[in-house]
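The values are calculated or read from the model by the stated rules, or taken from the named source; none is laboratory data. Owing to the predicted nature of the structure, the values given are computational and were not obtained by experimental measurement. Here Cβ is always computed from backbone atoms with ideal geometry, including for glycine, and neighbour counts include all displayed protein chains. Note: accessible area is taken over every heavy atom of the protein model, side chains too, but ligands, DNA and RNA are not part of it. Shrake-Rupley method; radii C 1.70, N 1.55, O 1.52, S 1.80 Å.
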Amino acid sequence: AGDVDLLYATYERNIPAGADLSQYAGKVDFTFYHLLSKVKFSFKNTYTNPNIHFKVYDIQMTAPKEGNINLNNADWAKNSKWELVGTDVTTLAFGTTDDIEQGKEQECETERLTIPATASQEYFVTFKVDLYNGDVKVNDKPYNHDITLTGVDFEIGKAYDLYAELNANNIIDPDDKENPDSNSYPIVFDVQEVDEWD
């Protein structure tokens, strides 16, 4: 479900043969590191009309369901890679955003953890938008958005912010006779590596 972390710690102390072991009787200090990647979504309202605001909800992304990692490398924290088992995916739910005013940005309410995978992995992203002009809700049905995210190389222990701007170019009325497709015009997510998780 993407809500359980997976951590590791390593410790090595070279004790000379015949050393007085009493000097090593203290506590062993561990530093823990993350084995997964952390993901969140951010949306910015770039409408030019200051009265337009919206809420993004039911944000979901598919992610690899199962993988293996070999911990036997001498420097496995940097050199080990996850190997995905099969092609099955699981759906991670990121919740919703608050109401996003014109010119403002909001993060989704929930961050999720995923098995790191190379850029060849595809992620299917879906979310819905309710659009308001002042106090008036513009859409009767949600604006449904389906995006296939490619070219993202999630790395061990790093956090990612998948960021998109929403405006009149990519939110269209599903009842518009000239645009019968219920999806938006293309949305391109910029993948922003936030920081080393530690």
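Here are a few things to note about the model shown:
- Taken over region 20-71, the criterion of being part of a loop (DSSP other than H, G, I, E, B), over 22 Å from residue 156 (Cβ atoms) and touching a strand residue (DSSP E or B) at 6+ places or on another chain (Cβ under 7 Å) is satisfied by 46, 51.
- Exactly one residue among 101, 66, 105 is in contact (Cβ under 8 Å) with a residue 24 or more places away in the chain and touching a Lys or Arg at 6+ places or on another chain (Cβ under 6 Å), and that residue is 105.
- Residue within region 137-149 that is open to solvent by 50 Å² or more (accessible area, probe 1.4 Å) and either within 12 Å of the chain's Cα centre (by Cα) or closer than 17 Å to residue 42 by Cβ (or both) present: no
- Any chance residue 130 is among the acidic types (Asp, Glu) and open to solvent by less than 40 Å² (accessible area, probe 1.4 Å): yes
- The set of residues in region 24-74 being within 27 Å of residue 112 (Cα to Cα), in contact with a Gly (Cβ under 7 Å, 6 or more places away or on another chain) and open to solvent by 50 Å² or more (accessible area, probe 1.4 Å) consists of 33, 66.
- The listed residues are 45, 51, 14, and the only one of them that is over 28 Å from the mean Cα position of the chain (by Cα) and touching a residue at least 24 places away in the same chain (Cβ under 8 Å) turns out to be 51.
- Criterion (among the small types (Gly, Ala, Ser) and open to solvent by less than 90 Å² (accessible area, probe 1.4 Å)) met by exactly one of 17, 93: 93
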